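Peer 1: Structure in structure tokens, see below.
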Amino acid sequence: MSQFEATVSSSASGAYVHSHRLISEFLADEHPDQAFSVLAQVATWLPAFPATATFNMVTLLLLQSLEFWIPHIQLMEDDNLSPSKEAHTALYHLMALTLRYGQSHPEQILNLWTRLVEPPNQSNGHATMRFLLEQSQKVGSTVFIDSAANIVACICQGSTG
């Protein structure tokens, strides 16, 4: 981590933003078992931030950092027949982030969904689609259905789509 020290404390946004991404990638690769916890924490923190220009940058950085954690989330059990114990909660968190930031940070939301289902996690695509279909019937709101359509469009942008 010491290799990032100089650029993290830099006042140049090009340096610290890039370092932030490198640190996120490093930590996600070192601690893949913490991916669900990181998603849950970020999904809880972000709505608490006030909607100011300063916190808009914080939101952007946190959404970008999630990109490296998301591929480590497994929505299906090893048998690929049943959802994992965290699947619904992870999808609820991602849905909440999509509803809240889909318009203000569309690129980051797109990246989260495509990273969730890209190889070797193609089974996450099946779990996501199943979740969206089941919840659309239960929830029945146009806001949820529109968001589900947006998520499907995001997933279709990746190689799995």
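The values are calculated or read from the model by the stated rules, or taken from the named source; none is laboratory data. Quick caveat, the model's predicted, so the values are computed rather than measured. Cβ sites come from the backbone with ideal geometry, for glycine too, and all protein chains shown count toward neighbours. Accessible surface is based on the protein model in full, side chains and every heavy atom, while ligands, DNA and RNA are left aside. Shrake-Rupley method; radii C 1.70, N 1.55, O 1.52, S 1.80 Å.
Peer 1: Using the crude model of +1 on Lys and Arg Cβ and -1 on Asp and Glu Cβ, and no other charge, please compute the dipole size for the chain relative to its Cα centre, in debye to 20.
Peer 2: Working: 6 positive and 14 negative charges, 105 e Å.
So the magnitude is around 500 debye.
Peer 1: Can you list residues whose amide H is under 5 Å from residue 84's amide H, if they're 5+ apart or on another chain and H is modeled 1.01 Å from N?
Peer 2: Here the answer is 76, 77, since their amide H atoms fall under 5 Å of that of residue 84.
Peer 1: Whole number in Å², please: accessible area per residue of the chain, 1.4 Å probe, ligands, DNA and RNA not counted.
Peer 2: On the way: 8750 Å² over 161 residues.
Value returned for the chain: 54 Å² of accessible area per residue.
Peer 1: Something else about it: Using the Cα gyration tensor of segment 113-156, with a ≥ b ≥ c the square roots of its eigenvalues, what is the shape: rounded (a/c below 1.5), prolate (a/b larger than b/c) or oblate (neither)? Mind dumping the intermediate values first?
Peer 2: Working: a/c = 4.07, a/b = 1.84, b/c = 2.21.
The shape class here is oblate.
Peer 1: Follow-up. Quick check for me: using +1 on Lys/Arg Cβ and -1 on Asp/Glu Cβ, what's the dipole size of segment 83-143 about its Cα centre, in debye to the nearest 20?
Peer 2: Working: 5 positive and 4 negative charges, 29 e Å.
With only Lys, Arg, Asp and Glu charged at Cβ, the dipole is about 140 debye.
Peer 1: Filter the DSSP H helices in the chain by two things, a Kyte-Doolittle mean of at least 1.0 and an axial alpha-carbon span of 20 angstrom or more, and list the hits by number.
Peer 2: Values: long enough: 13-30 (25 Å, -0.16); 53-69 (25 Å, 1.11); 87-101 (21 Å, 0.51); 122-139 (25 Å, -0.75); 142-157 (23 Å, 1.44).
Within the chain the helices that satisfy the rule are 53-69, 142-157.
Peer 1: Relative contact order for segment 19-161: what is it in percent, counting Cα pairs under 8 Å that are at least 6 residues apart?
Peer 2: Working: 136 pairs, mean separation 34.8, N = 143.
Here the relative contact order equals 24 percent.
Peer 1: Taking 35 Å as R0, compute the FRET efficiency from the Cβ-Cβ separation of residue 79 and residue 99 and round it to 0.05.
Peer 2: Numbers: r = 31 Å, r/R0 = 0.89.
Computed FRET efficiency for residue 79 and residue 99: 0.65.
Peer 1: State the volume of the convex hull built on the alpha-carbon positions of the chain, expressed per residue in Å³ and rounded to an integer. Don't skip to the answer; put the middle values down first.
Peer 2: Working: hull volume 19.3 nm³, N = 161.
Residue-normalised Cα hull volume stands at 120 Å³.
Peer 1: Of the heavy-atom accessible surface of segment 43-161 (probe 1.4 angstrom), what whole percent is carbon and sulfur? Display every interim value, and only then the final one.
Peer 2: Details: 3520 of 6140 Å².
Carbon and sulfur atoms account for 57 percent of the accessible area of segment 43-161.
Peer 1: Let me check I've understood the local charge: for residue 131, count other residues with C-beta under 15 angstrom from its C-beta, Lys and Arg +1, Asp and Glu -1. What total comes out? Mind showing how you got there, number by number?
Peer 2: Numbers: positive: 85, 130, 138; negative: 77, 86, 134.
My count for the surroundings of residue 131 gives 0.
Peer 1: Would you calculate the separation in nanometres between label points at residue 29 and residue 139, each defined as 7 Å from the Cα along the Cα-to-beta-carbon direction?
Peer 2: 3.5
Peer 1: Among 16-27, 56-67, how do they line up by average Cβ neighbours within 10 Å per residue, starting with the highest?
Peer 2: Numbers: 16-27: 16.2, 56-67: 18.1.
Ranking the peptides 16-27, 56-67 by packing returns 56-67, 16-27.
Peer 1: By its C-alpha gyration tensor, with a ≥ b ≥ c as the square roots of the eigenvalues, how is segment 84-144 shaped: rounded for a/c under 1.5, else prolate for a/b larger than b/c, else oblate? Walk me through the numbers on the way to the answer.
Peer 2: On the way: a/c = 1.88, a/b = 1.04, b/c = 1.80.
Verdict is oblate for segment 84-144.
Peer 1: Using helices alone, what [θ] at 222 nm do you get for the chain, with -39,500 (n - 2.57) per DSSP H run of 4 or more residues, divided over all residues and rounded to the nearest 500?
Peer 2: Details: 8 runs with 111 residues, N = 161.
Per the formula, -22000 deg cm²/dmol.
Peer 1: In addition: Between rounded, prolate and oblate, where does segment 37-104 land on the alpha carbon gyration tensor, with a ≥ b ≥ c its root eigenvalues, rounded for a/c under 1.5, else prolate if a/b exceeds b/c? Write down the numbers at each step before the final one.
Peer 2: Working: a/c = 2.89, a/b = 2.38, b/c = 1.21.
Note, shape of segment 37-104 comes out prolate.
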